[in-house]
Amino acid sequence: TDKHSVAPVGISGGKDGMTGACVVNPGAKNETRLPSRFGDHILHNGDLLRLERPGGGGLGSPFSRAPARVLEDVLQGYVSAPAAEAAYGVILTAADGGWRIDEEATFALRKGEKKAGKQNPPLL
């Protein structure tokens, strides 16, 4: 698939998705990134193959996503608390072994970013 070299495009202010990858021995000295279409790479005993699937492009500004939905994404493990703040403008605080939305701080951050014309910061 071309999605290993061309990121899926976001629309209506949404961010582009991430590209995919096939990596043998990720992070090791002998790390090898394979092309998206391959059939002749030999894996050896002890090799590790990481397959990263591409993510779809977003629809609409991440700052328009309802804070409660972003919190649910954090609780489900899809997004970290720091990424919720950076990507979605939702500030979470630790509470009772979990997370809660800091409504005032979230509103202030989103309002400030909108005024500064930064409603759509990078996701990474």
key: Dipole magnitude of the chain, debye to nearest 20 (Cβ charges: Lys/Arg +1, Asp/Glu -1, about Cα centre)   = 360 debye
Sorted by Cβ neighbour density within 10 Å, fewest at the top, the residues TYR78, TYR88 = TYR78, TYR88
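Rounded to the nearest 500, what is the chain's calculated 222 nm mean residue ellipticity when only DSSP H runs of at least 4 contribute -39500 (n - 2.57) each, over all residues? Walk me through the numbers on the way to the answer.
Working: 3 runs with 30 residues, N = 124.
-7000 deg cm²/dmol, from helical runs alone.
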task = Just name one of ALA86, LEU48, GLY27: the one whose Cα is farthest towards the positive end of the charge dipole of the chain (beta-carbon charges, Lys/Arg +1, Asp/Glu -1).
result = ALA86
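Give me the extension gain from ASN30 to ALA68: residue separation times 0.36 nm, minus the current Cα-Cα distance, reported in nm with one decimal.
That works out to 9.4 nm of additional length.
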message = Show me the ranking of peptides 89-101, 62-74 by mean Cβ neighbours inside 10 Å, starting with the highest.
response = 62-74, 89-101
query = Relative contact order of the stretch 7-64: what whole-number percent is it, with Cα pairs under 8 angstrom and at least 6 residues apart?
reply = 52 percent
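So for the chain, averaging the separation of alpha carbon pairs under 8 Å that are six or more residues apart and normalising by length, what relative contact order in percent results?
On the way: 205 pairs, mean separation 28.8, N = 124.
Taking the mean separation of contacting Cα pairs over the length of the chain, I get 23 percent.
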Burial ranking of peptide ranges 18-25, 42-49 (average Cβ count within 10 Å, highest at the top) = 18-25, 42-49
note = Listed by chain and number, the aspartates and glutamates with an alpha carbon less than 14 angstrom from that of LYS29, same-chain partners under 8 positions apart left out, are ASP47
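Where a number appears in this text, it was derived from the coordinates with a stated rule and is not lab data. Nothing here was measured: the structure is a model prediction, and the numbers come from that model. Cβ coordinates were reconstructed from backbone atoms using ideal geometry, including for glycine residues, and neighbour counts include every protein chain displayed.
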